[in-house]
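Read through the structure below, which is laid out as structure tokens, and then see the notes.
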Amino acid sequence: MGRDTEQQAWIETWARHIETMGLSPGALALLEIAHAFGFLGSQVLLMAQPLMTGIVNDTMLERAVDLLESPEMLERFRVCLEGGES
């Protein structure tokens, strides 16, 4: 499975979890903020990574950083949350 396919599957899985919990409106609002400050947020996550060891899976953290750094991935996530096809 390619990296792009894995990322898309991860995005779709998280979008379904968020929708199931009824948090889509809040998540969509946060995605708008992430478009503007995503890179800064990703750097904060990288700096906090040593503090998060044992609490958050390293793979999950890496995927979150990748998501925040990529406007394309953020857009795919938004489309999934809105119920569209990416």
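Is it fair to say Gly26 is exposed (fewer than 14 other Cβ atoms within 10 Å of the Cβ) and not in a helix (DSSP H, G or I)? Criteria not met by Gly26.
Residues are listed down the side, and each one gets a yes or a no for (1) among the aromatic types (Phe, Trp, Tyr); (2) surrounded by fewer than 17 Cβ atoms within 10 Å (Cβ to Cβ); (3) more than 15 Å from the chain's Cα centre (by Cα):
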site	(1), (2), (3)
Met47	no, yes, yes
Arg63	no, no, no
Asp66	no, yes, no
Pro71	no, yes, no
Leu81	no, no, no
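Confirm whether Ala9 is part of a helix (DSSP H, G or I) and surrounded by 12 or more Cβ atoms within 10 Å (Cβ to Cβ).
Details: part of a helix (DSSP H, G or I): yes; surrounded by 12 or more Cβ atoms within 10 Å (Cβ to Cβ): no.
So Ala9 does not fit the description; no.
In summary, Phe39 fulfils each of the numbered conditions (1) modelled with pLDDT of 90 or more; (2) touching a helix residue (DSSP H, G or I) at 6+ places or on another chain (Cβ under 7 Å); (3) not polar (S, T, N, Q) with the single exception of condition (1).
Take the conditions open to solvent by less than 80 Å² (accessible area, probe 1.4 Å) and at pLDDT 90 or above and apply them to Val56. Does it pass?
On the way: open to solvent by less than 80 Å² (accessible area, probe 1.4 Å): yes; at pLDDT 90 or above: no.
Spelling it out, it is not the case that Val56 is open to solvent by less than 80 Å² (accessible area, probe 1.4 Å) and at pLDDT 90 or above.
Close contacts from the range 10-25, counting a first residue that is of a type in the set (Ser, Thr, Tyr) and a second that is surrounded by 11 or more Cβ atoms within 10 Å (Cβ to Cβ), with Cβ to Cβ under 9 Å and a gap of 6+ residues or different chains, come to Ser24/Ala15; Ser24/Ile18; Ser24/Leu81; Ser24/Glu82. Among residues of the range 56-81 that are over 16 Å from Gln43 (Cα atoms) and among the aromatic types (Phe, Trp, Tyr), those with a Cβ under 6 angstrom from a residue that is modelled with pLDDT of 90 or more and surrounded by 19 or more Cβ atoms within 10 Å (Cβ to Cβ), sequence gap 6+ or separate chain, pair up as Phe77/Ile11.
The values are calculated or read from the model by the stated rules, or taken from the named source; none is laboratory data. Quick caveat: nothing in here was measured; it's all calculated off a predicted structure. Cβ: placed from backbone, ideal geometry, glycine included. Neighbour counts: every protein chain shown. Only protein heavy atoms, including side chains, enter the accessible area calculation; ligands, DNA and RNA are left aside. Shrake-Rupley method; radii C 1.70, N 1.55, O 1.52, S 1.80 Å.
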